[in-house]
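See below for the structure under consideration.
The values are calculated or read from the model by the stated rules, or taken from the named source; none is laboratory data. All values reported here derive from a predicted model rather than from experimental measurement. When we count neighbours, we look across all protein chains shown, and the Cβ atoms used for this are built from the backbone with ideal geometry, even at glycine.
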Amino acid sequence: MKKLYEKNELLFAILWIVVYCAASIPIRGSLGDESLAMVIELGVIAAGILVFVKKFSLEEKYGLVKWNGSAANYLFFLPVLILMTGNLWGGVGAAYGGTAQVFAVLSMLLVGFVEELVFRGFLFRALLKRDSAPVAITISAVTFGIGHLVNLLAGQGGMETLIQVFFAIAWGYLFTFLFYKSGSLWVCILVHGLVNVFSKFAAQERNSDGTYTAATIVVSVAYCIYLSRKPTALKRKDA
């Protein structure tokens, strides 16, 4: 892994994306997010990422550092915190019962961690080294969204998946901008994980609802424009 990382960071990032998708899709399709197998699989991937990042002291590069900015400069993260609750706008109700719900919550938190490190950490940082910031942000966000097409392989419906793709692209822009501007990935990891968790406590699947998706897109555009005017923590030369 280290040799590939040193030789080609972009290929290294793509390999992690492939590993994550290849390992998750069969389990999600056959056993679901609420399975112990899903928790274990995601836990192994998360542990592998953490071991690599810590072994080579890459915490700062990939945003696993304390966020030290002024909350006021980011509107106290209110736009993303409000959107984070969107899955609960239609009411609250556990998706599963007993330990299955616990496993689902753990899976969703792990998904948030793994996807942020893979798409915002590995992929975005690799792109930022070779491309302009707008291009790197766009590729990272769109790739993250398009990546949700793999849910079709897990048995999800076509229209639901399409709406989810646009939903994920909007969030992808938000998360990438926040990381790019702040230099810390922890807010993105926390919000991403809770968006996923709340989907398991929703009375209905709100991220497949056009209203929530439309609201996410509108807020994403407005908030990204706002963030674009703020100082940047990540520089291309530091990538």
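A few points about this structure:
- Residues satisfying the stated conditions in region 205-239, i.e. modelled with pLDDT under 90 and closer than 15 Å to ILE163 by Cα: GLU205, ARG206, ASN207, SER208, ASP209, GLY210, THR211
- Counting only helices (runs of 4 or more DSSP H) that fall entirely inside region 1-114 and contain at least 1 residues that are closer than 29 Å to LYS200 by Cα, the qualifying elements are 9-30, 36-55, 78-84.
- Any hit, region 112-126, residues being surrounded by fewer than 17 Cβ atoms within 10 Å (Cβ to Cβ) and either of a type in the set (Val, Ile, Thr) or closer than 21 Å to SER228 by Cα (or both): no
- Residues that are charged (D, E, K, R) and in contact (Cβ under 8 Å) with a residue 60 or more places away in the chain were ranked within region 1-32; the one that is farthest from ILE45 (Cα to Cα) is GLU9.
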